[in-house]
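Take this structure first; my questions come after.
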Amino acid sequence: MSEKSDAKRLEAAVKSCYSTWATNYHADYYASPNAYPPVHQEIVRDVLRARQARTVLDAGCGPASMLRGLADLELDLYGFDVTPEMVAEARKVMAGFGVPKERLWEGSVINPCAFKARGVSGFDAAICIGVLPHVPEQADEVVIRNLRDSVKPGGTVLLEARNQLFALFTLNRYSYELFAQTLVPAAALGAEGAKALEQIKQQFRMDLPPVRKGKAGEPGYDEVLSRTHNPFALRERFEVAGFGDVSFLFYHYHCLPPMFERDFPALYREQSLALENPRDWRGYFMASAFILCGTRR
């Protein structure tokens, strides 16, 4: 199977996964008191205000979860998403904020044409939240290049990713996968190395986290491509692509490994929120996500 056809297959699975979430995704993950507060929304707002951005593109906007949180900043907002149901919901939601439906369209972050809007020669800022985990590794550079080309020279790009290094703190299945697939040179260690990895596996809670399933027969989040990224490697790709002033903005901290949240829910939520600082070095290991912020040279 060619890379192009493989990417199309993976993209189709992601569209199927998100097709049933359009009307309740924001309620479940942004507005619900049971969900971790969307602290990344304030991080994005702070950057856009500091950079004095006026035109903003949300690449992979979903049901306008982020855009609706920017509506009070008097920005010219645009967005696109690969899932038709998400685009329909985004148009309905943003119409209430006076955003014309033409500013929200269907498109893929792998397609450079999706980043173009009529009457806009280049955006002041582009954001891409919750998308990169679903992009095949060979397409990372394409997405970064498309984001770069969508903004003016001096424009800002905010690209979110799941933090691969967080697995060093989780003590669960993610930790073992990081050891076995990335850190330990298993092939070079041969049969003895395989035995060592089996012993390493015993040190972690392999039953956690539970696999997230779909709602109505469609694949769930953990059943489609949902990669993590090494922040250092992603920063290098950002800089090679032509970004300067690149910085990490970490969020969704965990005060203890996630398995302890069930036993100490109130303490866990309170102390995790107390840790929230996008520039704290502990974010490399204790935050499950980060935003890479860069300026197009």
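The values are calculated or read from the model by the stated rules, or taken from the named source; none is laboratory data. Small disclaimer: the values here were computed from a predicted structure and weren't measured. Using ideal geometry, Cβ is built from the backbone for each residue, glycine included, and neighbour counts are taken over all protein chains shown.
For every residue, the table says whether it meets (1) closer than 21 Å to Glu102 by Cβ; (2) β-branched (Val, Ile, Thr); (3) at pLDDT 95 or above; (4) not assigned by TED's automatic domain parsing to the domain that holds Ala50.
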| position | (1), (2), (3), (4) |
| --- | --- |
| Gly119 | yes, no, no, no |
| Gly122 | yes, no, yes, no |
| Ala126 | yes, no, yes, no |
| Pro133 | no, no, yes, no |
| Asp140 | no, no, yes, no |
| Ile144 | no, yes, yes, no |
| Leu147 | no, no, yes, no |
| Val151 | yes, yes, yes, no |
| Thr156 | no, yes, yes, no |
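I need the strands (runs of 3 or more DSSP E) fully contained in the range 26-111, keeping only those with at least 3 residues that are in contact (Cβ under 8 Å) with a residue 40 or more places away in the chain and within 19 Å of the chain's Cα centre (by Cα). Can you show your working first?
Details: elements: 55-59, 76-81, 104-106.
Ranges flagged: 55-59.
Just wondering, is there one or more residues in the range 167-183 that are surrounded by 16 or more Cβ atoms within 10 Å (Cβ to Cβ), of a type in the set (Gly, Ala, Ser), within 21 Å of the chain's Cα centre (by Cα) and not in a loop (DSSP other than H, G, I, E, B)?
yes
Shifting gears a bit: Among the residues of the range 83-116, count how many are in contact with a strand residue (DSSP E or B) (Cβ under 7 Å, 6 or more places away or on another chain) and either of a type in the set (Gly, Ala, Ser) or closer than 12 Å to Ala22 by Cβ (or both).
Residues flagged as in contact with a strand residue (DSSP E or B) (Cβ under 7 Å, 6 or more places away or on another chain) and either of a type in the set (Gly, Ala, Ser) or closer than 12 Å to Ala22 by Cβ (or both) within the range 83-116 amount to 6.
A quick yes/no check of all residues on (1) in contact with a Leu (Cβ under 7 Å, 6 or more places away or on another chain); (2) loosely packed, with under 15 Cβ neighbours inside 10 Å; (3) assigned to a loop (DSSP other than H, G, I, E, B):
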| site | (1), (2), (3) |
| --- | --- |
| Pro209 | no, yes, yes |
| Asp222 | no, yes, no |
| Arg227 | no, yes, yes |
| Phe232 | no, yes, no |
| Val246 | yes, no, no |
| Tyr251 | no, no, no |
| Arg262 | no, yes, yes |
| Ala266 | no, yes, no |
| Leu273 | no, yes, no |
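Table: residues versus (1) at pLDDT 95 or above; (2) among the β-branched types (Val, Ile, Thr); (3) crowded, with 19+ Cβ neighbours inside 10 Å; (4) outside the structural domain of Asn111 (by TED's automatic domain parsing).
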site	(1), (2), (3), (4)
Tyr29	no, no, no, no
His40	yes, no, yes, no
Arg68	yes, no, yes, no
Gly79	yes, no, yes, no
Thr83	yes, yes, yes, no
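I've got another one for you. Do the conditions hold for Ser16, that is, is it in contact with a His (Cβ under 6 Å, 6 or more places away or on another chain) and either in a helix (DSSP H, G or I) or in the same structural domain as Gly220 (by TED's automatic domain parsing) (or both)?
Criteria not met by Ser16.
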